[in-house]
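Notes for the one structure printed next.
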Amino acid sequence: MQARLDRLTRRGVVRGYGPEVSPAALGYTVTAFVTLEIRQRYGHDPVAAHLAEIPEVLEAHTITGSADLLCRIVARDNADLQRVIDQLVSYEGIERASTVIALAEQIPYRTRPLVRAAATAAGAR
């Protein structure tokens with residue numbers, strides 16, 4: 001079992017062994033998704049570096065469509081959300097932000113069903 005786990009880790013399938021932390025339990029009860037339009041002359045990397053400096057930015061993805069980046073952020077309350085958004089857009093490489101507040105988590109981030117489906121598909125080959 002350990003050898004298989006080591007192989008999965010080397011291949012990047014298993015990315016970590018840390019605890020799952022609940023932002024809400026830490027007092028960050030507001031979750032929001034923010035799309036960002038960036039000034040193209042700056043590129044994605046400097047903007048991502050700026051976002052990485054903000055602890056409330058949990059993840060950021062380059063996306064297709066009218067926006068350039070999609071971020072999941074957290075805040076303590078709506079006033080704190082405004083502070084986080086202001087911090088996001090303070091970087092001159094960000095042209096515009098659009099925010100959607102999550103009301104309730106219907107399906108938490110998960111990978112177990114995906115792992116099961118991939119194992120089933122691999123066994124069928």
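Over the chain, the pair-distance histogram of Cα-Cα distances with 5 Å bins from zero comes to 2, 9, 16, 17, 15, 13, 12, 9, 5, 2, 0 percent, rounded to whole numbers. Over the chain, dividing the summed -39,500 (n - 2.57) contributions of all DSSP H runs of at least 4 residues by the number of residues returns a 222 nm mean residue ellipticity of -10500 deg cm²/dmol. Dipole orientation for the chain: of the candidates L36, A25, V13, V13 has the Cα lying most toward the positive pole (charges on Cβ; Lys, Arg +1; Asp, Glu -1).
Charges only on Cβ, +1 for Lys and Arg, -1 for Asp and Glu: so what's the dipole of the chain about the Cα centre, in debye to the nearest 20?
Rounded to the nearest 20 debye, it is 960 debye.
With contacts taken as Cα pairs under 8 Å at a separation of at least 6 residues, the chain carries a relative contact order of 29 percent.
Accessible area of segment 1-96 with a 1.4 Å probe: how many percent of it is carbon plus sulfur? Walk me through the numbers on the way to the answer.
Values: 3320 of 6440 Å².
The value for segment 1-96 is 51 percent carbon and sulfur by accessible area.
Cα centroid separation, segment 1-60 to segment 77-96: 18 Å. Picking from G93, G65, G18, which is most flexible by a Gaussian network model of the chain using Cα springs under 10 Å? Of the options given, G18 has the highest mean-square fluctuation.
The values are calculated or read from the model by the stated rules, or taken from the named source; none is laboratory data. Remember, predicted model here, so these are calculated numbers, not experimental data. FYI the Cβ positions are ideal-geometry reconstructions off the backbone, even for glycines, and counts take in every protein chain you see. Side chains included, ligands, DNA and RNA excluded: accessible areas come from the protein's heavy atoms. Shrake-Rupley method; radii C 1.70, N 1.55, O 1.52, S 1.80 Å.
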